[in-house]
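The values are calculated or read from the model by the stated rules, or taken from the named source; none is laboratory data. Remember, predicted model here, so these are calculated numbers, not experimental data. Cβ placement follows ideal geometry from the backbone for every residue including glycine, while neighbour counts extend to all protein chains displayed.
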Amino acid sequence: MPGTSLLHWFSRLSGKLPLRVVLLVPFLLQILAIVGLIGYLSLSNGKKSVNELTTALRNEITARIEQHLLSYLKIPHLVNQLNAEALRLGILNLTDPATIERHFWQQLQIFDSVSYISFSSIQGDYIGAERREDYSVQAGQAKHNTFYLYSKDGEYLADEQGRRKKLTNAIKNYDPRERPWYIDTVKAQKPIWSEIYALLDPTNLTTSVTQTVSANQPFYDDNGTFQGVLGTDIFLSQLSEFLSGLQIGKTGETFIMERSGLIVASSTTEKPYRFNPNNPKEVLRLNALDSQMPLIRYPTEYLLTHFSHDLKEINSSNQLEFKLNGQKHFLQVKPLQDKRGIDWLIVVVIPEADFMEHINANTRLTVLLCVIALIIAIMVGSATSRWLIAPIRRLNLAASKIAKGEWEQDLPVERADEIGDLAKSFKIMEEQLQAVFDNLAKINKAYERFVPREFLSFLKKESIIDVQLGDQVQQEMSVLFSDIRAFTSLSERMTPAENFEFINTYLSRMEPAIIENHGFIDKYIGDAIMALFSGGADHAVKAGITMLRNLARYNLIRQTEGQIPIQIGIGINTGSLILGTVGGCNRMDGTVISDAVNLASRIEGLTKMYNALLLISEYTYSGLQEHYAIRRIGRVKVKGRLQPVAIYEVFEGDFLPIKELKMKTLLDFETGLVCYQNREFIEAQNCFNRILHVHPDDKAAQLYLKRCHYFQKYGTDGDWEGVEVMENK
């Protein structure tokens, strides 16, 4: 029977242990079980109530913020619509800018959230009215409003009737049609939002007043003819005032940010911008990751981790939890979007501690009672149990350190009892584990030289032994190919041993340039290198530039040794690729498969035709965030692709004299290329002749000049679009 078996087992156990231990352990277990169960139920029910309360509170606060934002963001577009109707109905006349200025001024009196109203005509005329709010550092402390009127020629202080009072600033050479907001609105052909930017106090450029965003709308007359762009700006500081007025528990905070992480507004006292340390007059927007407020910075870090480092993955309202300094915090994030381009995230953060005061008090009382009961029990049985607990603790501590890799622990092997036997077994296990781990570390280190650690990371594998045939992942990456020019003729003059020594010396100087710029080498193909970059196109381009500079230093050494310098070509393309393993049961290899890889290889091949050191595709060019010395080479249809691709030359890494010549002739080259593609071959020929007069060795200019002569003589096909078709790889 089960009861008899349990009694028999307990009797056998009690026969092997001192009687005092047998009496003490059940007593302690009863106290722990009863007090622990009561404490657990109390704490569990309290936390359940807190979770339900915070869920409702987060939903309510998020809904209030969303409703307020939608109403607030409608105002500038409503103002644009009213002004468009007034112009269309003839209430306002574009030939009477004074009346339009006063009309804009009157609208600023009505809409407190509006900071600027303007109209830019297709002829380049400009009419605007601005409200300048004198805000203190603390949000909500408005002191005085000053209004200004604008034309394309000047800024005027407005009087109390909305008329020009005096000229405060003469404006020269201002054409609104060249401004990004005008160009973007014309291109969109519908109402859109501008990027958020900071308004500066013109009397004190070291002080930023507030942030603002502009609603822009194209204006068409009754005939559907485009006449210009209407714009209305709103203060974002008023959003911070609204957020700071919300009651979010005791210490909770809320903030609004773009998916890039840039803060739009927050309930904290922190300004949503910072000054450029290198230029005190330049204001930079504050990224949530750079915030000094823990309830902004840490929730953002958690969201990036939770959503795979891409806030664009947040497509619906999410209620989450995270810990900050060991304390649980409740988090809700909800996207806010509109059809005009707003794509923000509303974030609400509430510390659990705001609601746990009474629950923690009960928990502390429960813990106190438990501690008192335990102390009494321990005092009764400590004298008889200490001799057993001490060696077990010693053995447990040693085992924990061994598990962390801290070998050579002092174990109680001198004991003759069961603990001594266990210590001897642990000692043998320690020696065996140390040998196994040392050997495994050497193996992993050796494998890393053949399989890059980054390759395993992308496959989410801890070790090479975890990799299976067919493992694969799709990734947006930049692919770099490099190759030594005329390597075949160069290698023919060397023995096999000299060939290997030369290649290894060369590759050892190229490898650091790739690793330092956050890339990794996928494979060596003889003298060629294939490298991958996941962090952005700039990393790949910087790696290519660094490789060229390292090569220049290497060539200096070769020349001092009486050897001829070498040249390389580098091609870079950016796109989606599949990274994984291919092969069979007994042999497999890591590789990448994609049209983006093939295109990068083809582009590297084009460096020979254009005598360029570094060429990139239009996909890499569009992903660049930093500025380099670049010129567009043309559009090419490479073998194996149906669609042409634009190719750019990065000559940042060229020798300084050549770089200066290319910079000097850059405008002529771009003009000549446009004329060439427009079949204006005489004008293009003149441009390329001017380039060759300054830079006779410009192979790209020579090539285009030759093509101009050819097409002038033989003409072009009817469907010719200036694309060079490459039949060879």
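Would you mind telling me which numbered condition in (1) of a type outside the set (Val, Ile, Thr); (2) crowded, with 17+ Cβ neighbours inside 10 Å; (3) at pLDDT 90 or above GLN319 fails?
Just one mismatch for GLN319, condition (2).
Any residue in region 317-330 that's in the same structural domain as LEU303 (by TED's automatic domain parsing): show its pairings with residues that are loosely packed, with under 12 Cβ neighbours inside 10 Å and not polar (S, T, N, Q) at Cβ separation under 8 Å, as long as the two are six or more apart or on different chains.
Hits for this filter: HIS329/LYS323.
Only one of these is under 19 Å from ILE515 (Cα atoms) and either in contact with an Asp or Glu (Cβ under 8 Å, 6 or more places away or on another chain) or crowded, with 21+ Cβ neighbours inside 10 Å (or both): VAL592, VAL638. Name it. Steps first, answer last, please.
Working: VAL638 fails: under 19 Å from ILE515 (Cα atoms).
After ruling out the rest, the residue left standing is VAL592.
Identify, from the list ILE572, ILE568, ILE578, ILE521, the residue that is out of contact with any Ser or Thr (no Cβ under 9 Å at 6 or more places or on another chain) and within 30 Å of GLN625 (Cα to Cα). Walk me through it before giving the result.
Numbers: ILE572 fails: out of contact with any Ser or Thr (no Cβ under 9 Å at 6 or more places or on another chain); ILE568 fails: out of contact with any Ser or Thr (no Cβ under 9 Å at 6 or more places or on another chain); ILE578 fails: out of contact with any Ser or Thr (no Cβ under 9 Å at 6 or more places or on another chain).
Residue meeting the stated conditions: ILE521.
Within region 279-311, work out how many residues are closer than 25 Å to THR212 by Cα and free of Cβ contacts under 8 Å to residues at least 24 places away in the same chain.
Residues meeting the conditions: 6.
Which pairs do you get when a residue that is within 19 Å of ILE514 (Cα to Cα), found in region 553-582, comes within reach of a residue that is among the basic types (Lys, Arg) and outside any loop (DSSP other than H, G, I, E, B), reach meaning Cβ atoms under 7 angstrom, with the pair 6+ apart or on two chains?
Between residues of region 553-582 that are within 19 Å of ILE514 (Cα to Cα) and residues that are among the basic types (Lys, Arg) and outside any loop (DSSP other than H, G, I, E, B), the close pairs are TYR554/ARG509; GLY569/LYS608.
May I ask you to verify whether MET257 is touching an Asp or Glu at 6+ places or on another chain (Cβ under 8 Å) and modelled with pLDDT of 90 or more?
Considered against the rule, which asks whether it is touching an Asp or Glu at 6+ places or on another chain (Cβ under 8 Å) and modelled with pLDDT of 90 or more, MET257 comes out as no.
Here are some conditions: (1) surrounded by 15 or more Cβ atoms within 10 Å (Cβ to Cβ); (2) of a type outside the set (Asp, Glu); (3) at positive phi. ILE342 meets all but one. Which one does it not meet?
Failing condition for ILE342: (3).
For ILE91, only one of the following conditions fails: (1) at pLDDT 90 or above; (2) in a helix (DSSP H, G or I); (3) not assigned by TED's automatic domain parsing to the domain that holds GLY249. What is its number?
Looking at each condition in turn, ILE91 falls short on (2).
Considering region 297-319 alone, what residues qualify as being farther than 16 Å from PHE255 by Cα and over 18 Å from the mean Cα position of the chain (by Cα)?
SER316
Is there a residue in region 445-467 that is modelled with pLDDT of 80 or more, part of a loop (DSSP other than H, G, I, E, B), on the phi < 0 side of the Ramachandran plot and of a type in the set (Lys, Arg)? Break it down stepwise before answering.
Kept after step one, since they are modelled with pLDDT of 80 or more, are these residues of region 445-467: none.
No, region 445-467 has no match at all.
Among the candidates ALA540, ALA528, which residue alone is surrounded by 14 or more Cβ atoms within 10 Å (Cβ to Cβ) and touching a Leu at 6+ places or on another chain (Cβ under 6 Å)? Can you show your working first?
Numbers: ALA528 fails: touching a Leu at 6+ places or on another chain (Cβ under 6 Å).
Being surrounded by 14 or more Cβ atoms within 10 Å (Cβ to Cβ) and touching a Leu at 6+ places or on another chain (Cβ under 6 Å) holds for just one of ALA540, ALA528, which is ALA540.
Residues in region 341-349: is at least one under 21 Å from HIS68 (Cα atoms) and at pLDDT below 90?
Among the residues of region 341-349, at least one is under 21 Å from HIS68 (Cα atoms) and at pLDDT below 90, which makes the answer yes.
I'd like to check something: does region 699-707 contain any residue that is small (Gly, Ala, Ser) and surrounded by fewer than 17 Cβ atoms within 10 Å (Cβ to Cβ)?
So far as region 699-707 goes, no, none of its residues is small (Gly, Ala, Ser) and surrounded by fewer than 17 Cβ atoms within 10 Å (Cβ to Cβ).
Given the criterion modelled with pLDDT of 90 or more and surrounded by fewer than 22 Cβ atoms within 10 Å (Cβ to Cβ), identify the matching residue among GLY575, GLY569.
Unique residue meeting the criteria: GLY575.
Which pairs do you get when a residue that is hydroxyl-bearing (Ser, Thr, Tyr), found in region 498-518, comes within reach of a residue that is surrounded by 13 or more Cβ atoms within 10 Å (Cβ to Cβ) and not in a helix (DSSP H, G or I), reach meaning Cβ atoms under 8 angstrom, with the pair 6+ apart or on two chains?
From residues that are hydroxyl-bearing (Ser, Thr, Tyr), the pairs are TYR506/ILE484; TYR506/ASP527; TYR506/ILE566.
For every residue, the table says whether it meets (1) within 19 Å of the chain's Cα centre (by Cα); (2) assigned to a loop (DSSP other than H, G, I, E, B); (3) surrounded by fewer than 18 Cβ atoms within 10 Å (Cβ to Cβ).
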| site | (1), (2), (3) |
| --- | --- |
| GLN247 | no, yes, yes |
| LYS250 | no, yes, yes |
| MET257 | yes, no, no |
| ILE263 | yes, no, no |
| LYS271 | no, yes, no |
| PHE275 | no, no, yes |
| PRO280 | no, no, yes |
| VAL283 | no, no, no |
| LEU289 | yes, no, yes |
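Those residues that are of a type outside the set (Gly, Ala, Ser), in contact with a Leu (Cβ under 8 Å, 6 or more places away or on another chain) and within 21 Å of LEU667 (Cα to Cα), I need them from region 597-629; list them, please.
Result: TYR610, LEU613, LEU614, LEU615.
Hey, does region 129-138 have a residue that's in a helix (DSSP H, G or I), modelled with pLDDT of 90 or more and under 39 Å from the mean Cα position of the chain (by Cα)?
No, region 129-138 has no match at all.
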